[in-house]
1. Which residues, taken from the stretch 124-136, are out of contact with any Pro (no Cβ under 7 Å at 6 or more places or on another chain) and not in a helix (DSSP H, G or I)?
2. Working only within the stretch 161-190, note down all residues that are farther than 18 Å from residue 227 by Cβ, at pLDDT 85 or above and either within 15 Å of the chain's Cα centre (by Cα) or hydroxyl-bearing (Ser, Thr, Tyr) (or both).
3. How many of the residues in the stretch 22-38 are surrounded by 22 or more Cβ atoms within 10 Å (Cβ to Cβ) and within 20 Å of residue 98 (Cβ to Cβ)?
4. May I ask you to say which residue of 184, 220 is farther than 25 Å from residue 116 by Cα and surrounded by 19 or more Cβ atoms within 10 Å (Cβ to Cβ)?
5. Does the stretch 35-42 contain at least one residue that is without any contact (Cβ under 8 Å) to a residue 60 or more places away in the chain, touching a helix residue (DSSP H, G or I) at 6+ places or on another chain (Cβ under 6 Å) and farther than 17 Å from residue 135 by Cβ?
6. When you go through 132, 75 one by one, which is the residue that is at pLDDT 90 or above and within 23 Å of residue 4 (Cα to Cα)?
7. Among the residues that make up the stretch 77-91, is at least one of them free of Cβ contacts under 8 Å to residues at least 12 places away in the same chain, farther than 29 Å from residue 186 by Cβ and either among the acidic types (Asp, Glu) or surrounded by fewer than 22 Cβ atoms within 10 Å (Cβ to Cβ) (or both)?
8. Please state which of the following conditions residue 62 fails to meet, knowing it meets all the rest: (1) surrounded by fewer than 22 Cβ atoms within 10 Å (Cβ to Cβ); (2) in contact with a Lys or Arg (Cβ under 7 Å, 6 or more places away or on another chain); (3) modelled with pLDDT of 90 or more.
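The values are calculated or read from the model by the stated rules, or taken from the named source; none is laboratory data. Since the structure is predicted, the reported quantities are computational estimates derived from the model, not experimental observations. Cβ placement follows ideal geometry from the backbone for every residue including glycine, while neighbour counts extend to all protein chains displayed.
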Amino acid sequence: MVDIIKAEFQKSKRTTTNKFIVIAPLLSILLSSSWGGGQNGAYNWWYTMFLPGMLAMISAQVITREKSLSYKGILLYPQDKGIIWLGKILYISILLIFTSLILMIGMEAIGLIYGSTIPLRANILATIVLILTFLFNIPISMFLTVQFNMFVAVLFNIGMTILGVISHTFSINLILKILPYETSSSLMVPILHILPNGLPVPENSPLLNGHMILRDTVMSVVIFIILTVLTTIWFRKKEVN
C-alpha cells in the first residue's frame, strides 16, 4: 500500500494536481482579502466552492491518468486492482489533508493582518471536520470519472455541494441528504459562528447548538468507509483492460 501511494506521488510530479492543492486555498484567501471578507469570507469560499471543486478535479485526474492509458499502469501492478484503487483513495486523502492545512495556516495569517474573527481553536476544529466530512467525495468522484469523465465528476460534486448549502440555508428536505453534502456547511455554523452566506449567526440562535458535530462527522466517515468498500469491490471486479 505504501508503495502504491509513493507511486501516486511520483506520477503527480510536475502536474497540475500538486498546483491545485496549493492554489485552491490561496485563491480562497485572496478573494476574501480582495473583497474584504476576512476569515469568514475565506472559509465560505473554501467549503462551498474551492474545496469540493478541487477535490473532484484531483480525484478525477488520478483516474484520468490511468484511463488515458487504458489502465495499463494498473494492470502492470502485481497487486490486486482493488488494493490499487484503495491506495489511490488514500493518496487523495493525504492531499486533502495537505491543502486543508494550507488553508488553516492562511486563516491565521488573515487574522493577523485584518483582525481575527475565528479563534485558533475553532480554526483547527473546522479544518478537522471539513477533512472528515469531505472524504466521501473521493470515491464518488473517482467512480464517476471511471464511468463517465472528469467533467461529470466535477460538475456533480460542485452541484451537489451547492444543493447541500441551499438545503441547509433554506431548511429544504431533499432526498439528496442521503449523501452528506449538507453536513459540512451545517457543521461550520456552530463551529465558526457564521452562516453559509458569510453573515454572523445571531446570538442565542439554535443553530449554534453543536450537539450534532460529533454525530454528523462520524456519520460522514462511516459513509466514506462504505463507499470506499463498495467502489473497491466494484473496481476489483471491473474489466479495465
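1. Matches in the stretch 124-136: 135 only.
2. 185, 186, 187, 188, listed by residue number.
3. Matching residues across the stretch 22-38 total 4.
4. 220
5. No.
6. From the options 132, 75, the qualifying one is 132.
7. yes
8. Failed condition: (1).
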